[in-house]
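The values are calculated or read from the model by the stated rules, or taken from the named source; none is laboratory data. Note that this is a predicted model, so its numbers are computed, not measured. Cβ placement follows ideal geometry from the backbone for every residue including glycine, while neighbour counts extend to all protein chains displayed.
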Amino acid sequence: MVDGKWYSSIIDVQSFREADCDIDHCLVVAKFRERLAVNKQAARRFYGERFNLKKLNELEVRKQYHIEITKGFADMENLSDDVVINRAWENIKENIKTSAKDSLVLHELKQHKP
């Protein structure tokens, strides 16, 4: 009486013939396991900043980005050698993000019509 889709989800089924309901049907109680699927699009969402990397194909934008990156790394070379690795990585990451913000435009996501 159950579709093949739900067959593996049913754990236990009982029928009660003497249920006092004043009807000529039997009362059926079933225990089943509910499985939830994750929305794949929601799992792939990225809420960070996305830069328009196609702009790097333009020569002027590429030169400006290169100049910004070299300026940031030149400033980092002046730091002392006893800087913790995690702090150095944070400096590199911030350098890349700020130079991308200055020279590249944020990528605008297209709105899909339902």
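A search for C-beta distances below 6 Å between a residue of the range 16-29 that is without any contact (Cβ under 8 Å) to a residue 12 or more places away in the chain and any residue that is in a loop (DSSP other than H, G, I, E, B) and exposed (fewer than 11 other Cβ atoms within 10 Å of the Cβ), counting only pairs 6+ apart in sequence or on different chains, returns 26/17.
Suppose we keep only residues that are at pLDDT below 80 and assigned to a helix (DSSP H, G or I) within the range 75-87. Which one would you say is farthest from residue 104 (Cα to Cα)? Looking at the filtered set, the residue picked out is 85. Between a residue in the range 52-79 that is surrounded by 13 or more Cβ atoms within 10 Å (Cβ to Cβ) and any residue that is among the aromatic types (Phe, Trp, Tyr), which pairs come within a Cβ distance under 9 Å, given they are 6 or more apart or on different chains? Close Cβ pairs satisfying both conditions: 55/65; 56/65. So which residues in the range 32-41 are closer than 14 Å to residue 11 by Cα and either surrounded by 10 or more Cβ atoms within 10 Å (Cβ to Cβ) or not charged (D, E, K, R) (or both)? Residue satisfying the conditions is 32 alone. If you go through the range 3-31 and pick out every residue that is assigned to a helix (DSSP H, G or I) and surrounded by 10 or more Cβ atoms within 10 Å (Cβ to Cβ), you end up with 2.
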